[in-house]
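A.B. asks: The structure under discussion is supplied below as structure tokens; questions concerning it will follow.
The values are calculated or read from the model by the stated rules, or taken from the named source; none is laboratory data. All values reported here derive from a predicted model rather than from experimental measurement. All Cβ positions, even for glycine, are placed from backbone atoms using ideal geometry, and neighbour counts span all protein chains on display.
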Amino acid sequence: MQFQLNTTSFYWLIRSIRVGYLFYFIIVLFSIDSEELIIATVFSFIIIELTIIRFLKNWYRFKRPKLLDWFRLSTFVFLILNFLFLLFFLDQNSHLVLLEAVYVKSLTALPAIITILIGLLAIDCGEVLAKQFYSINSSKSTIRFGIRNRSFFYTSVILVGLVQIYLILNGIVGYKSDLEYNLSSFSFLIIIVDILGPLILLILSSLFFLYEYRTLLFKLSFAGFFLLEIIFGFLSGMKEQIIVPFLLVIIPFIMSGRQLNNVLITLGVIFVLFLYPINNNYRKELGEERSSGKITVFINAIERTFENGIAENFQSGTDSYQDRISLFPVLMYSIENEKDWNEYKYFNRYIYLPISWIIPRFLIPDKPVATIGGTLYKTSTGRQNRTSITPSTYGWAFFEGGYITTFMAFALFGFFISYLENNLTNRFLHRLIYITLLISLLKVESDIYFKIAEILQNIFIIFLIHRLMFRQKHLLNV
């Protein structure tokens, strides 16, 4: 599977999507009674053009999608497909039940679709504005780089791995970790380690696949750290931390021009299907056996998973993935209850954005805390536990104050990402930033404030680590 889109595939995909939508819309016209839902379906076609079709067009035109196209693709998968599957249920029922206790009006689907459309159009405006600040790098020098100090490099790899093991085994990070650590004055240290683990793996995989670093010690370090990150992900109980290490290896692999063969793709599908059952059983075991070590609990979770049989695991996995990508009902909830949301309003948090990503909490105790998912769960259900929910990036923006704040937030987001991409080159440092941004934009769940702050933190640490670990030399091209 090479990362390219030939002419035949491009036109076939475009036609298939548009013809498929046409047939779907004809069925809707003859089956749906609600005018609001029919209008929402019409708007959804515009959104399809702005998301999946734009993704394919830019992929074909520029040989790879733009960074924001990955966010557009996630919008289509996690929100628009979810709406299209829910449409007939919404027409037949005046409400849908969210989280087993919350009722959301079906006709809120139209304002939710309008919110998505506004957000996508605002991203386009931000992209156009960012082009005004684009300057072509006219430098005629070639940059060569190498590892500055190999002893320091390999020691850092080992040290980061050991710190991660310590944090996860002592319950400082991961599922059911002590919330006090994440809210403490020194939470920035945990954030740094959370960034360093994936970053070290990205550096290793990029050097291996893109720059052909193939010494025996390097191979062992790469393989060992990759395995460590997978184990860390499973022991964390967080599905994202299990998947991200694979993305950090697969993306440089594909960027190097290599192909994923059918065997690897098949193994990947099997792994994905068993991921949710194993992770869900691990979380249950953590709740039932608090005195047991995490490694023992994880082994018990694997045993429980395979005791259930393939059919049950397959059903459990597909149900979990369906729940995972069903963000549209929560978006509808945010539209209905925007006036009751007081956690933040009208960009009152954004005054902290220029400094909050770099200044520790003990210096700015009042800076925003990324616990709004738990707050939303408590607000919507009246129950208080460690569960978090998300109305998607669009819902968080709508909570700022409605349609206008949604447009403003997404215009800022579009400008920010486009400006970064326009100034990236093929330098090693910039490739690290590019891949980190790409993975971040695959998620359509985060609030824009925290997403931008997270990206700024990542870029700062990438610059710092690159400066410490690598030397570079400018060679004039004549």
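A.B. asks: Would you be able to tell me the number of residues in region 349-369 that are exposed (fewer than 15 other Cβ atoms within 10 Å of the Cβ), within 30 Å of Y103 (Cβ to Cβ) and at pLDDT 85 or above?
C.D. replies: 0
A.B. asks: While we're looking at this one, here's another question. Confirm whether L429 is surrounded by 19 or more Cβ atoms within 10 Å (Cβ to Cβ), in a helix (DSSP H, G or I) and modelled with pLDDT under 95.
C.D. replies: yes
A.B. asks: Still on this model: Taking the condition crowded, with 19+ Cβ neighbours inside 10 Å, outside the structural domain of V193 (by TED's automatic domain parsing) and on the phi < 0 side of the Ramachandran plot, does L424 pass?
C.D. replies: no
A.B. asks: If T41 meets every condition in (1) more than 30 Å from F88 (Cβ to Cβ); (2) of a type in the set (S, T, Y); (3) in contact with a helix residue (DSSP H, G or I) (Cβ under 6 Å, 6 or more places away or on another chain) apart from one, which number is that one?
C.D. replies: Result: T41 fails condition (1) only.
A.B. asks: Determine whether region 345-353 contains at least one residue that is in a helix (DSSP H, G or I) and aromatic (F, W, Y).
C.D. replies: Looking for residues that are in a helix (DSSP H, G or I) and aromatic (F, W, Y), one finds at least one in region 345-353, hence yes.
A.B. asks: Look at region 230-284 and say how many of its residues are farther than 25 Å from G161 by Cα and assigned to a loop (DSSP other than H, G, I, E, B).
C.D. replies: Qualifying residue count for the region: 6.
A.B. asks: Let me ask something else about it. Those residues that are touching a Phe, Trp or Tyr at 6+ places or on another chain (Cβ under 9 Å) and over 18 Å from I116 (Cβ atoms), I need them from region 29-41; list them, please.
C.D. replies: S31, I32
A.B. asks: With the structure loaded, tell me whether S236 is over 30 Å from E303 (Cβ atoms), outside the structural domain of I358 (by TED's automatic domain parsing), among the hydroxyl-bearing types (S, T, Y) and touching a residue at least 24 places away in the same chain (Cβ under 8 Å) or whether it fails that test.
C.D. replies: Here the answer is no, as S236 does not meet what is asked.
A.B. asks: Right, next: Working only within region 400-410, note down all residues that are more than 10 Å from Y346 (Cβ to Cβ) and surrounded by fewer than 24 Cβ atoms within 10 Å (Cβ to Cβ).
C.D. replies: We begin by selecting, within region 400-410, every residue more than 10 Å from Y346 (Cβ to Cβ); these are 403, 406-407, 409-410.
If the condition is that a residue be more than 10 Å from Y346 (Cβ to Cβ) and surrounded by fewer than 24 Cβ atoms within 10 Å (Cβ to Cβ), then Y403, F407 are the ones that fit.
A.B. asks: Among the helices (runs of 4 or more DSSP H) contained in region 14-115, which hold 2 or more residues that are within 24 Å of I335 (Cβ to Cβ) and not small (G, A, S)?
C.D. replies: The helices (runs of 4 or more DSSP H) meeting that bar are 35-48, 67-75, 81-92.
A.B. asks: Follow-up question, since we're still on this one. Return the residue satisfying two criteria in turn: it lies in region 87-128 and is crowded, with 19+ Cβ neighbours inside 10 Å and in contact with a Lys or Arg (Cβ under 9 Å, 6 or more places away or on another chain), and of such residues it is modelled with the lowest pLDDT.
C.D. replies: So, considering only residues that are crowded, with 19+ Cβ neighbours inside 10 Å and in contact with a Lys or Arg (Cβ under 9 Å, 6 or more places away or on another chain), the one modelled with the lowest pLDDT is L96.
A.B. asks: A further question follows. Would you check if there is a residue in region 9-31 being within 22 Å of the chain's Cα centre (by Cα) and crowded, with 19+ Cβ neighbours inside 10 Å? Give the derivation first.
C.D. replies: Our first condition is that a residue be within 22 Å of the chain's Cα centre (by Cα); within region 9-31, this holds for none.
The answer is no, given that none of the residues of region 9-31 is within 22 Å of the chain's Cα centre (by Cα) and crowded, with 19+ Cβ neighbours inside 10 Å.
A.B. asks: Among residues belonging to region 192-229 that are of a type in the set (V, I, T) and surrounded by 21 or more Cβ atoms within 10 Å (Cβ to Cβ), point out the one that is nearest to Q164 (Cα to Cα).
C.D. replies: Checking each candidate, the answer is I200.
A.B. asks: Run E212 past the list (1) out of contact with any Ser or Thr (no Cβ under 7 Å at 6 or more places or on another chain); (2) in contact (Cβ under 8 Å) with a residue 24 or more places away in the chain and report the number of the one that doesn't hold.
C.D. replies: All conditions pass for E212, except number (2).
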